[in-house]
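The values are calculated or read from the model by the stated rules, or taken from the named source; none is laboratory data. Everything quoted here is computed from the prediction, not taken from an experiment. Glycine gets a Cβ as well: all are built from the backbone with ideal geometry, and neighbour counts include every protein chain shown.
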Amino acid sequence: MKKAMIKTSLSLAVTLASTQLFASGFALNEQSISGMGVGFAGRSSSADDASTVYGNPAGMSRLKREQITVGAAAVIAKTDISGSSTTNTGSNNGDMVPVVGVPMGYYVKPIDDHWTVGFGVYAPFGLKTEYENGFQGRYFAHDSKVQVVTLQPTVSYAFNDKVSIGGGPTFNRIDGTLTSALRNPLGGADGKASIKGDDTAVGYNIGILVQATDKTRLGLVYHSMVDYKLKGSTKVSLGALNPLLGSRDYDASLNIKTPESIDASFTHELTDQWTLYGGSTWTRWSRLKDITVNNTGNLGVIGAGQFGTISEQENWHDTWSHAVGASYKVNKQWTLRTGFSVDQSPTNNTDRSPRIPTGDRMAVSFGAGWSPTDDVTIDLAYSYLKEEAVTVDQSNPRKGTYDARYRNSAHGLGAGLTYRF
């Protein structure tokens, strides 16, 4: 009986953990502060500073001076949870996302009239949620912290003044720590399941930039899929489920593919002062139909066993995001920016979890660039994001039921510095 209970608890823990880590595949947009000011419209065609290493490596050919661009964005999210219905006791305080910082840094150096090299450090994916103790949906999700950090050496080649290409490998590090409660079917104190895992994997980015007319540039960039094979440990604290065994650590492995994306955009210089931007991004989230976890465990005094493969359906779908923006050059020192964007969520009403309770979103952005000298530009940006209200409706024999309506919004603040040598 004890062996069966431990096996059930471990299987539940790994299943929860795999769901949590899978959900971290939500993409971050904050790789450029100048781009943030126009809602990331024209991301693959603007090439305003060294952040084009991410936006479109072919755009490095437009930067005629050696330069660095560094910056950071802060995301301040708010969540309202209402209409909850559950078989579990507890609270629904909302605001489970703490203030999150997203840093970035880039370097670009022209070699000659044709060749340019660059390097970037940024975060393309990430997730952080922290529900309160006693959260009603704690058996489906509690705390999550997952981040991906990417290093990208890059080279671009300009065929002439009209066409350039660029690309390079990406070296990506993923780390995650995730927890959920384990329900005690006999009542009493909950148990706890947590998982830690990490891996390093290689991908690539390639792009092309075309000066279609004297006033219009077109950009196209491809960010590749990255295939991670995470290794880590699952820790199960059984608590009242089995106080004699206490905590146990188990080996866990999980394969995850973060999706490829294609970004197409234009930049049009309407006048000497006004510039218009537009673009669309397609992301292949449909790669994430299900997750598979392989786990092994040593049950100490009870014995050792291989608990096989656990699979869970997620059924995410491909998404589109669209953005339009404009900038106004007030004078040589000041440029003002604004933008509007819409972004689909890859989740669906059937499988949506409190781990990522998101819906389709809209965002409005404002920004400014100040160049006190020809060598220095300081960029500031602000965005307000609001998502459609969505329903989380989960039911599981071991975890009970959790049904609630989520309304999410967020403020984004960004600051960046570009220095030209």
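Give me the residue from region 94-113 that is surrounded by 14 or more Cβ atoms within 10 Å (Cβ to Cβ) and over 24 Å from the mean Cα position of the chain (by Cα) and, out of that set, farthest from Tyr382 (Cα to Cα).
In this case the residue turns out to be Pro110.
Out of region 215-231, which residues are of a type outside the set (S, T, N, Q) and in contact (Cβ under 8 Å) with a residue 40 or more places away in the chain?
Scanning region 215-231 gives Lys215, Arg217, Leu218, Gly219, Leu220, Val221, Tyr222, His223, Met225, Val226, Tyr228, Leu230.
Test Asn184 against the stated conditions and say whether it is part of a loop (DSSP other than H, G, I, E, B) and without any contact (Cβ under 8 Å) to a residue 40 or more places away in the chain. Spell out how you get there, then give the answer.
Working: part of a loop (DSSP other than H, G, I, E, B): yes; without any contact (Cβ under 8 Å) to a residue 40 or more places away in the chain: no.
Against the criterion (part of a loop (DSSP other than H, G, I, E, B) and without any contact (Cβ under 8 Å) to a residue 40 or more places away in the chain), Asn184 does not qualify.
Being modelled with pLDDT of 85 or more and crowded, with 17+ Cβ neighbours inside 10 Å is the filter here, so list the residues in region 223-241 that pass it.
His223, Ser224, Val226, Tyr228, Leu230
Any residue that is among the small types (Gly, Ala, Ser), surrounded by fewer than 17 Cβ atoms within 10 Å (Cβ to Cβ), closer than 30 Å to Gly400 by Cβ and touching a residue at least 12 places away in the same chain (Cβ under 8 Å) - is there at least one of those in region 161-181?
Kept after step one, since they are among the small types (Gly, Ala, Ser), are these residues of region 161-181: 164, 166-168, 176, 180-181.
Next, from what is left, pick out any that are surrounded by fewer than 17 Cβ atoms within 10 Å (Cβ to Cβ): none.
Checking region 161-181: not a single residue is among the small types (Gly, Ala, Ser), surrounded by fewer than 17 Cβ atoms within 10 Å (Cβ to Cβ), closer than 30 Å to Gly400 by Cβ and touching a residue at least 12 places away in the same chain (Cβ under 8 Å).
Can you find even one residue in region 45-68 that is assigned to a loop (DSSP other than H, G, I, E, B) and within 18 Å of the chain's Cα centre (by Cα)? Spell out how you get there, then give the answer.
First, pick out the residues of region 45-68 that are assigned to a loop (DSSP other than H, G, I, E, B): 45-51, 56, 63-66.
So of that shortlist, the ones also within 18 Å of the chain's Cα centre (by Cα) come out as 51.
Yes, because at least one residue in region 45-68 is assigned to a loop (DSSP other than H, G, I, E, B) and within 18 Å of the chain's Cα centre (by Cα).
Looking only at residues that are β-branched (Val, Ile, Thr) and either touching a strand residue (DSSP E or B) at 6+ places or on another chain (Cβ under 7 Å) or buried (at least 20 other Cβ atoms within 10 Å of the Cβ) (or both) in region 338-356, which one is modelled with the lowest pLDDT?
By that ranking, first place goes to Ile356.
Could you list, in sequence order, the residues of region 378-412 that are crowded, with 21+ Cβ neighbours inside 10 Å and touching a helix residue (DSSP H, G or I) at 6+ places or on another chain (Cβ under 8 Å)?
The answer is Asp379, Ala381, Ser383, Lys399, Gly412.
Return yes when Ser395 is over 16 Å from Asp95 (Cβ atoms), among the polar types (S, T, N, Q) and either in contact (Cβ under 8 Å) with a residue 12 or more places away in the chain or not in a strand (DSSP E or B) (or both) and no when it is not.
Answer is no for this residue.
At pLDDT 80 or above, in contact with a Phe, Trp or Tyr (Cβ under 8 Å, 6 or more places away or on another chain) and in a strand (DSSP E or B), is that true of Trp316?
no
Residue-by-condition table, conditions (1) touching a residue at least 60 places away in the same chain (Cβ under 8 Å); (2) out of contact with any Ser or Thr (no Cβ under 7 Å at 6 or more places or on another chain); (3) closer than 24 Å to Thr86 by Cβ; (4) β-branched (Val, Ile, Thr):
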{"residue": "Arg337", "(1), (2), (3), (4)": "yes, no, no, no"}
{"residue": "Phe340", "(1), (2), (3), (4)": "yes, yes, no, no"}
{"residue": "Asp379", "(1), (2), (3), (4)": "yes, no, no, no"}
{"residue": "Ser383", "(1), (2), (3), (4)": "yes, no, no, no"}
{"residue": "Asp403", "(1), (2), (3), (4)": "yes, no, yes, no"}
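Read through the list (1) farther than 29 Å from Gln136 by Cα; (2) touching a strand residue (DSSP E or B) at 6+ places or on another chain (Cβ under 9 Å); (3) outside any strand (DSSP E or B), then give the number of the only condition that Thr335 fails.
(3)
Against the definition (part of a strand (DSSP E or B), of a type in the set (Ser, Thr, Tyr) and touching a residue at least 60 places away in the same chain (Cβ under 8 Å)), how does Tyr157 come out, yes or no?
In short, yes.
Search region 187-196 for residues being of a type in the set (Gly, Ala, Ser) and in a strand (DSSP E or B), and hand back the single one that is surrounded by the most Cβ atoms within 10 Å (Cβ to Cβ). Spell out how you get there, then give the answer.
Quick first cut of region 187-196, residues of a type in the set (Gly, Ala, Ser) only: 187-189, 191, 193-194.
If we keep only those that are in a strand (DSSP E or B) too, we end up with 191, 193-194.
Details: Gly191: 21, Ala193: 27, Ser194: 21.
Residue satisfying both the conditions and the ranking: Ala193.
Find the residue count for region 339-367, including only residues that are more than 17 Å from Ala77 (Cα to Cα) and out of contact with any Leu (no Cβ under 7 Å at 6 or more places or on another chain). Break it down stepwise before answering.
Narrowing region 339-367 to residues more than 17 Å from Ala77 (Cα to Cα): 339-342, 344, 346-353, 366-367.
Subsequent filtering for residues that are out of contact with any Leu (no Cβ under 7 Å at 6 or more places or on another chain) retains 339-342, 344, 346-353, 366.
Count: 14.
Among the numbered criteria (1) modelled with pLDDT of 85 or more; (2) surrounded by 19 or more Cβ atoms within 10 Å (Cβ to Cβ), which single criterion is violated by Gln273?
Of the numbered conditions (1) modelled with pLDDT of 85 or more; (2) surrounded by 19 or more Cβ atoms within 10 Å (Cβ to Cβ), the odd one out for Gln273 is (2).
May I ask you to verify whether Gly137 is surrounded by 18 or more Cβ atoms within 10 Å (Cβ to Cβ), small (Gly, Ala, Ser), more than 25 Å from Lys78 (Cβ to Cβ) and touching a Phe, Trp or Tyr at 6+ places or on another chain (Cβ under 6 Å)?
Answer is no for this residue.
Of the residues Asp175, Asp214, Asp199, which single one is charged (D, E, K, R) and part of a loop (DSSP other than H, G, I, E, B)?
Asp214
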